[in-house]
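The values are calculated or read from the model by the stated rules, or taken from the named source; none is laboratory data. The model shown is predicted, which means the values in this text are computed figures rather than measured ones. Cβ sites come from the backbone with ideal geometry, for glycine too, and all protein chains shown count toward neighbours.
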Amino acid sequence: MGIHIFGQDVRLLFFTEENGIKLVLTLALILALVLVRWVLRALVRLLVRGIENERARFWSRQAVNIGVAFGLLLGMLSIWFDDPARLATGVGLVTAGLAFALQRVITAVAGYLLILRGDTFNVGDRITMGGVRGDVIALGFIKTTIMEMGQPPALQGAEPAQWVKSRQYTGRVVTVTNDKVFDEPVYNYTHDFPYLWEEVTVPIPYRADRDTASRILLDAAVRHSISPSSMPAEALVSMRRKYFLRDTDLEPRIYWRLTDNWLELTVRFVTEAYGVRDVKDQMAREVLEGLDAAGIGIASATYEVVGLPPVRVGSAD
């Protein structure tokens, strides 16, 4: 195809009338698929509403995205490679170039497929991925978006630095590429079993009433933990059906640990994955009130100076 410039005929390299028609068809295909995607996502938002349908809305969006991407790929191949011989050659060249130039992107897309196929996590799950802890708020072909949450005191020194000392939102929205699923473990707090085993530890002096302190700690755990009777039966049944899981004790229990300075009482209990800080805060208040009422103090490594030796100041003369 040529154009006339300053009295001269200039032929555009690689641009023919056939390629121009294919380019127009490509643009029309992209615009049509964008419109179809917008309409389908609007229908999904209209038909699937409410927090309780978050999973259905998530999978519907993923189906729309995958369908549109597949339609775009099929349409591009149909427009530009109508000859099977040219298709094979073109696909080979394009694949080799992309594999070299976009290794991380291809790995991220493969990670996206693994996340969906392996049922690793969904939108709304609480996970740790790529060193980021939080709730998944979006999942794309290349990256996962996480609403970050804080770290417990034992992990405050881990990177990145955080100022929230519990599993509550920090306000930062973090994006993590999907290729991390091949390099690091993904910790899921809620997907298969939306409960956690938590512990509260209280040190008491050896001379204190140990049985009373244990009872106070255990009573607080019983009041605020999830009892096996209130836990949905399918929660453990589905876990045992999907994984090799041994029988576990769901009732709160007290454990004693001897140290050089004090007796360490630890209560272990089951709670929901969300709202852990509120549960432990209420338990701490009740335990302190109970220990105070029983005259039991908290052991610590502090020292109290109760007196000083007399000091005399005199003259050398």
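Quick notes on this structure:
- Hey, residue 247 in the same structural domain as residue 280 (by TED's automatic domain parsing), surrounded by fewer than 12 Cβ atoms within 10 Å (Cβ to Cβ) and modelled with pLDDT of 70 or more or not: no
- In segment 191-209, the residues that are under 18 Å from residue 266 (Cα atoms) reach residues that are hydroxyl-bearing (Ser, Thr, Tyr) and surrounded by fewer than 17 Cβ atoms within 10 Å (Cβ to Cβ) with C-beta atoms within less than 9 angstrom, at least six apart or across chains, in these pairs: 197/248; 199/255; 199/266; 200/266; 201/266; 202/266; 203/259; 203/300.
- Residue satisfying condition, being outside any strand (DSSP E or B), outside the structural domain of residue 281 (by TED's automatic domain parsing), modelled with pLDDT of 90 or more and at negative phi, within set 164, 176, 136, 181: 181
- Every pair of residues 6+ apart whose Cβ atoms lie under 7 Å, when the first sits in segment 116-145 and is within 17 Å of residue 190 (Cβ to Cβ) while the second is crowded, with 22+ Cβ neighbours inside 10 Å and polar (S, T, N, Q): 129/144; 136/144; 144/178
- Segment 175-202, residues that are within 30 Å of residue 293 (Cα to Cα) and surrounded by fewer than 17 Cβ atoms within 10 Å (Cβ to Cβ): 197, 199, 201
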